[in-house]
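See structure below.
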Amino acid sequence: MKKATLLLITMILGVTVYAQEFNDYLEVSRQVLKTEKKALIAEVMQLTSEESTAFWPIYNEYEAKKYEVNTVYFKMVQEFSDNFDTMKGEKATEIYKQVLDVEMQLLKLEKTYAKKFAKVLTPQKTFRYLQAENKIKAMIDAEMALQIPLLEAIED
């Protein structure tokens, strides 16, 4: 993957701002990442004209559904941030259950859309696409892990 993409992801996720400014910044950052990611996928996939015609509508649909689920995730990150200093057991349980639900939703989406991609791409290109998605996700997850601190033990 391009080093520029990693740099972009770091810049997008590495800046700390507050409340509405954070939400505005996050939305702009997500749009930039969406554009950069699509260009990277296009470069990695090297689709024929026929494959492109079939692939991109499915990709766009998949990305739109992931966007909705990830919006819930980013709200949980904001909620974690808002409650970080005073988080009690009940709130921690609520948030981690939500995180697990989001991860399950994303996995179900991936499984559903892998089948759709497999109908329009060769098995090798389907796998290549899923590899690219997983590498991009791993870079984003790694940066998020660096930015989100571990919760300290707080007595209830």
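Taking region 73-94 as the range and being farther than 16 Å from residue 141 by Cβ, of a type outside the set (S, T, N, Q) and in contact with a helix residue (DSSP H, G or I) (Cβ under 6 Å, 6 or more places away or on another chain) as the test, only 91 passes.
Identify all residues within region 98-123 that are assigned to a helix (DSSP H, G or I), among the polar types (S, T, N, Q) and closer than 21 Å to residue 38 by Cβ; write none if there are none.
Of all residues in region 98-123, those assigned to a helix (DSSP H, G or I) come to 98-120, 123.
Subsequent filtering for residues that are among the polar types (S, T, N, Q) retains 98, 105, 112.
Scanning region 98-123 gives a single hit, 112.
Taken over region 64-75, the residue count meeting the criterion of being under 13 Å from residue 144 (Cα atoms) and among the hydrophobic types (A, V, I, L, M, F, W, C) is 1.
Filtering region 101-129 to residues that are touching a residue at least 60 places away in the same chain (Cβ under 8 Å) and not basic (Lys, Arg) leaves 117, 120, 121, 129. Here is the figure for region 127-146: residues that are farther than 19 Å from residue 58 by Cα and of a type in the set (Asp, Glu) total 2.
Only a single criterion out of (1) more than 27 Å from residue 120 (Cα to Cα); (2) under 13 Å from the mean Cα position of the chain (by Cα) is not satisfied by residue 84, namely (2). Every test in (1) at pLDDT 85 or above; (2) surrounded by 11 or more Cβ atoms within 10 Å (Cβ to Cβ) is passed by residue 119 save one, and that test is (2).
The set of residues in region 16-32 being modelled with pLDDT of 80 or more and either over 16 Å from residue 136 (Cβ atoms) or in contact with a helix residue (DSSP H, G or I) (Cβ under 6 Å, 6 or more places away or on another chain) (or both) is empty. Scanning region 91-101 for residues that are surrounded by fewer than 12 Cβ atoms within 10 Å (Cβ to Cβ) and touching an Asp or Glu at 6+ places or on another chain (Cβ under 8 Å) yields a total of 0. Which condition number does residue 68 fail, the rest of (1) closer than 21 Å to residue 126 by Cβ; (2) at pLDDT 80 or above being met? All conditions pass for residue 68, except number (1).
The values are calculated or read from the model by the stated rules, or taken from the named source; none is laboratory data. These numbers were taken from a predicted model, which means no experiment stands behind them. When we count neighbours, we look across all protein chains shown, and the Cβ atoms used for this are built from the backbone with ideal geometry, even at glycine.
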